[in-house]
Each structure stands twice: as structure tokens, then as C-alpha cells.
Amino acid sequence: MKRILTVQDISCVGKCSLTVALPVISAAGVECSVLPTAVLSTHTAFPEFTFRDLTDEIEPIGEVFSRLGIDFDAVYTGYLGSKRQVALVSELIRRQKEKGAYVLIDPVMADNGSLYPGFTAEFPPLMADMCRMADLVVPNVTEAALMLGMPYREKYDEKYIKELLAGLVSLGAKSATISGVSFSDDKIGFMHLDGAGGEYTLYLNEKLPKSYHGTGDLFASVTLGGVMRSLGEVRALELATDVTLDAMRHTARDKNARFYGVNFEEALPLLISRLSE
Ligand code: PXL
């Protein structure tokens, strides 16, 4: 069985980051070790949240991993909270990469044209710098535009997305994917650039009228699960798109659904069955 390390926050309530990555990656049949970057009461889309930064824990935890010879098949980073945290996590990635780990970077920091609460303009360049270590980087359109210093567009064409992808690969990422790509009212999916072969792949699914919190974390977690289960990046990304749509359909149908997350739990059977094919 493959073993990965995911580095992101734990929000006690509000399904996102670690509370999505752990169950999803486990359901994919991959051991999921965690390095929490912060503890929040609730994610930052709630009107109120506590935030306990765990930056000081990163180095000592990493040192124990080193002394005990604990290695990972992949490192997956998500929500990171500070400049120093980015530097420490980068060092941890460097060490694991040297030993052959696959690196997935989800530069969680923004959506719909703006940064999440708590992030300042100094953050996108830090995330852009991390891209050089990535086998695969999976930003949304806003995050990609911010990292590249390109204008964010609400409406765009394929040429704009291809420019973003080429920019991400020129930052040093081996391959890049933009999530939440939509050229029409009824379809949404991803566009991927394989940096080695220079091939672009566009995969679109049905677009539902509502968006839900945590879908980016679900998308990245399923992608990593799929890659670790040897699907290859494009097939893993297709699976992630399908599982995300399934979770959103369940959420839309659930009259008890909460405003703060997506019903990813009800999409786990689809994930498991597709990985058993
Ligand atoms: O879903 C991304 C995410 C992760 N972690 C925290 C967040 C968000 C998005 O708002 O607030 C704490």
C-alpha cells in the first residue's frame, strides 16, 4: 500500500482540507499521514473562526520523520498559513523529493477573483515559488492568475487557460491543471498540461447551478488517490472531476445539507468502485 503525507490545516467544523483529505485518501486505499499547519474552529468562510498557527511544530515533526527514516510515496500540500510555514514545508518537500516522492501542490489561497480572508498579496509569489517543486500543481483560475501576475478573468476562452497552464509549467511545475474551468453555463471541469509532452487535455462534466465549499480539496485529494493507485494523472483528474460532481449532486439533493461543505461522504462509494475496476 502507498503512503502519503498531506500538509494542510484542520478546521474542526466546515468540511475542507484535512477533514476531506483523510477520509478520501483512505477510501482510495492509500495510507494518509498528516502534518497539520493550523487548527481552526471553523473554516474561513464562516463569519467567525479561531486560528492556532502550528508553524513551530513543522520542523520538529519533520526531524522525527528523518531520524526514524519515515518516507512517503507522495507529499500533498494544501492550505498553508504563513511565509515561514511555506519555507519549512518547502524544505520538508525537498527532502522527500530527493527520495523519490511525488509532489502535488494545491496552492489554496483564493477563489472567484479574490484571496481568502487572512491572505495578503505577499502570498501568491510564495506559492508560485513552490510550483518549481511540484510534479503536479492544481490551482483554480484565480490562484493561477494571482501566482502568474496575470489579470483574473471571470469570462475567458481556451487560449487564456492555455496561457495560464504554460505559465505554471514555466514556473517549474512538471505538469499543471486548472480546476473549475468553464466555457459555458452548462459544463465545468479541468484543463491539464503535461509539461513533458506539451499535451493539453480538456475534460468537462455537467455544471450544477450552485457551488459548494471544499470541492477543490475533494478534487485534489481524489486526484492524488488516483495517481497513487497508478491511474496516471489525466485519468486520476477525470475521476476527481466525476467524484466531485457526484458529491455536489448529493449535496444539492440533501435538504439537510449544510451551507459549509459538500457531501463528499456520499460520493465515496463511486470513488471506491471506480478504483476497483
Ligand atoms: O477549502 C480550502 C480551505 C482550506 N482551509 C481553510 C479554508 C479554506 C477555504 O476557505 O478557509 C481554513
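The values are calculated or read from the model by the stated rules, or taken from the named source; none is laboratory data. Values in this document were obtained by computation on a predicted structure and should not be read as measured data. Counting neighbours? That spans all protein chains shown, and the Cβs are built from the backbone with ideal geometry, glycine included. Protein only, heavy atoms only, side chains kept; ligands, DNA and RNA dropped before computing areas. Shrake-Rupley method; radii C 1.70, N 1.55, O 1.52, S 1.80 Å.
A compact table of results
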read-out: Calculated log₁₀ intensity ratio I(q)/I(0) where the Debye formula runs over C-alpha points of the range 190-277, q = 0.13 Å⁻¹; value: -0.43
read-out: Radius of gyration, Dmax [the chain; alpha carbons; angstrom]; value: 17.3, 53
read-out: Added length on full extension, which subtracts the Cα-Cα distance from 0.36 nm per residue, Glu154 to Arg258; value: 34.8 nm
read-out: Carbon + sulfur, % of accessible area of the range 152-277 - ligands and nucleic acids excluded, 1.4 Å; value: 48
read-out: Relative contact order computed over the range 58-135 (Cα-Cα under 8 Å; 6+ residues apart), in percent; value: 35
read-out: Largest to smallest principal axis extent of the C-alpha atoms in the range 134-190, angstrom; value: 33, 20, 16
read-out: Residues of the chain: accessible area per residue with a 1.4 Å probe, Å²; value: 45
read-out: Per-q log10 I(q)/I(0), the range 30-153, q = 0.16 Å⁻¹ (Debye; single scatterer per alpha-carbon; no solvent); value: -0.82
read-out: The range 1-67 - Rg over Rh from alpha carbon coordinates, Kirkwood radius; value: 1.03
read-out: The chain, helix-only ellipticity at 222 nm - DSSP H runs n ≥ 4, -39,500 (n - 2.57), divided by all residues, nearest 500; value: -13000 deg cm²/dmol
read-out: Relative contact order of the chain, pairs being alpha-carbon contacts under 8 Å that are 6 or more residues apart, as %; value: 17
read-out: Reach of Lys174 by Cα under 19 Å, taken over aspartates and glutamates that are not fewer than 8 positions away in the same chain; value: Asp73, Glu91, Glu98, Asp106, Asp129, Asp135, Glu143, Glu163, Asp194, Glu199, Glu233, Glu238
read-out: All-pairs Cα distance distribution in the range 114-219, expressed in whole percent, bin size 5 Å; value: 2, 12, 23, 24, 21, 11, 5, 0
read-out: Relative packing of peptides 115-124, 196-205, 258-267 - highest average C-beta neighbours within 10 Å first; value: 258-267, 115-124, 196-205
read-out: Violating pairs (Cα-Cα greater than 28 angstrom) within the set Lys155/Lys255; Lys99/Lys162; Lys162/Lys187; Lys2/Lys207; Lys162/Lys207; value: Lys155/Lys255; Lys99/Lys162; Lys2/Lys207
